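Working notes, beginning with the structure itself.
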Amino acid sequence: MDSTAADARLLEVFIAVLDNGGIGAASARLGMSPSAVSQALRRLEESLGIELYQRHSRPVRLTEPGAALESTIRSALHSMTLVHAAAADLRGMLAGELTIASLPTLAVEPLAGLVAEFRHRHPGVVVSVHQPRTRTIRAVAESVRDGHADIGITEHPSGPAGLASLPLEEQHFSVVFPPGAKIRSATVGIDDLLHWGIIVGPYWEGSAVHRQLRQLDPRIDGAVSVRTEHRETFVYLATQGLGAAIVLPDRATIAAALGCQLARFDPSITRQTFVLSQPSRLSPSARAFLGICRSHAAHME
């Protein structure tokens, strides 16, 4: 391995330890032993002449100089990635990795289909999808801004300056009630949600759904019956009579098969989804993925 490649590997180790929360998790992500990761960090610190990590903190934290260098190191790695990706593009085949930050509720629809089409066209690119590092919707935009992700899939177009926002599709929600629930009609309102209580996830208060319901009736803030990080359990919690769940069509299909009562909300509960990117640092893979997103958005109009 030449010195340039070795230096790049040390920078990758630095970022992996930071993004994965410690040496152990980073070693699994990189396919290295924990001792090899520790040695790589020490070599990087020796070459720079500064200590980057507070070794005895749990989780591992950056020192002040390490924090000051983080953005520069990310930019350096991203530049290297762009060089290799551009070279692959010139050879007529995209390669490397495309990193996407997505809200959990968007990872199935529309993201799964978009990734499938992208991989079909560009099998040489590895796609990595992760959720925000904090439980806020804004964190998706921050991941793109800070270089943690090439692309962001979210429900809010607003974000840090310098990001481009592409409207993707409007999604319509259904309301799932427990089996045997006495629903007055196929169309329900706030009072029905207040009666049964609602099952929500960690992003609830920042979501478009919460915003719409709260504008109709502020009492919705007191209607939460269950809060869980595991969105895939919403429907199953509803089957146990623990509340109503506000879900997208894929979850509504599962709920119906389990015997739950489905209803529409009046007025309709919707959200607009968006794709975020940073035009100043788009890789060829990111540009190709955006092209697929534009075609999808045009088809949805």
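The values are calculated or read from the model by the stated rules, or taken from the named source; none is laboratory data. What you see is a predicted model; the values in this text were computed from it and never measured. Reconstructed Cβ throughout: ideal geometry from the backbone, glycine too, with neighbour counts over all protein chains shown. Heads up: the accessible areas ignore ligands, DNA and RNA and are worked out on the full protein's heavy atoms, side chains in. Shrake-Rupley method; radii C 1.70, N 1.55, O 1.52, S 1.80 Å.
Points to keep in mind about this one:
- Residues I254, I190 ordered from highest to lowest accessible area at a 1.4 Å probe: I254, I190.
- Calculated mean residue ellipticity, 222 nm, the chain: -14000 deg cm²/dmol, from DSSP H runs (n ≥ 4) at -39500 (n - 2.57) each, averaged per residue and rounded to 500.
- Among 42-50, 124-132, the peptide with the highest mean count of other Cβ atoms within 10 Å heads the list, and the full ranking is 124-132, 42-50.
- Helix 64-90 and the long axis of the chain differ in direction by around 90°, with both axes built from C-alpha atoms.
- Taking the average, over residues, of other Cβ atoms within 10 Å as the packing measure, peptides 147-155, 290-298 rank 147-155, 290-298 from highest down.
- Only the Cβ atoms of Lys and Arg (+1) and of Asp and Glu (-1) were treated as charged; on that basis the dipole of the chain about its Cα centre amounts to roughly 280 debye.
- Between D7 and I254, full extension at 0.36 nm per residue minus the direct alpha carbon distance yields a gain of 83.9 nm.
- Shape of region 51-185, Cα gyration tensor, a/c cut at 1.5: oblate
- One decimal place: the segment I190-E109 gains 26.6 nm when fully extended, by the rule 0.36 nm per residue minus the C-alpha distance.
- Region 135-219: trypsin sites (Lys or Arg not before Pro) falling in loop per DSSP and having at most 16 other Cβ within 10 Å: R135, K182, R184
- With R₀ fixed at 25 Å, the C-beta to C-beta distance from E301 to R281 puts the FRET efficiency at about 0.30.
- Of (1) 27; (2) 34; (3) 23, the label for percent of Cα pairs over 34 Å apart derived from the coordinates: (2)
- Think of region 180-301 as a dipole: +1 on every Lys or Arg Cβ, -1 on every Asp or Glu Cβ, centred on the Cα centre; then among Q212, F289, I199, F289 lies furthest on the positive end.
- Solvent-accessible surface of the chain, averaged per residue with a 1.4 angstrom probe and all protein chains in place: 50 square angstrom.
- Radius 12 Å from Cβ of G243, net charge of other residues (Lys, Arg +1; Asp, Glu -1): 0
- Note, ³J(HN,Hα) from phi for region 130-143, Karplus 6.51, -1.76, 1.60, rounded to Hz, x at Gly and Pro: 9, 8, x, 6, 10, 7, 9, 5, 4, 4, 4, 5, 5, 5
- R55/A116 FRET efficiency (R0 45 Å; Cβ-Cβ; nearest 0.05): 0.60
- Net charge dipole size for region 34-144 [Lys, Arg +1 and Asp, Glu -1 on Cβ; Debye, nearest 20]: 220
- Available extension along the chain between H78 and Y236 is 52.7 nm, counting 0.36 nm per residue and deducting the alpha carbon span.
- Figure legend: label point modelled 7 angstrom from the Cα of R219 along Cα→Cβ; residues of region 191-211 with amide N under 15 Å from it are 191-198.
- DSSP beta bridges in the chain [antiparallel fraction, %, rounded to 5]: 55
- Where GluC sites (Glu not before Pro) fall in DSSP loop in region 205-263, at most 16 other Cβ within 10 Å: E229
- Percent carbon-and-sulfur accessible area, region 230-295, ignoring ligands, DNA and RNA, probe 1.4 Å: 54
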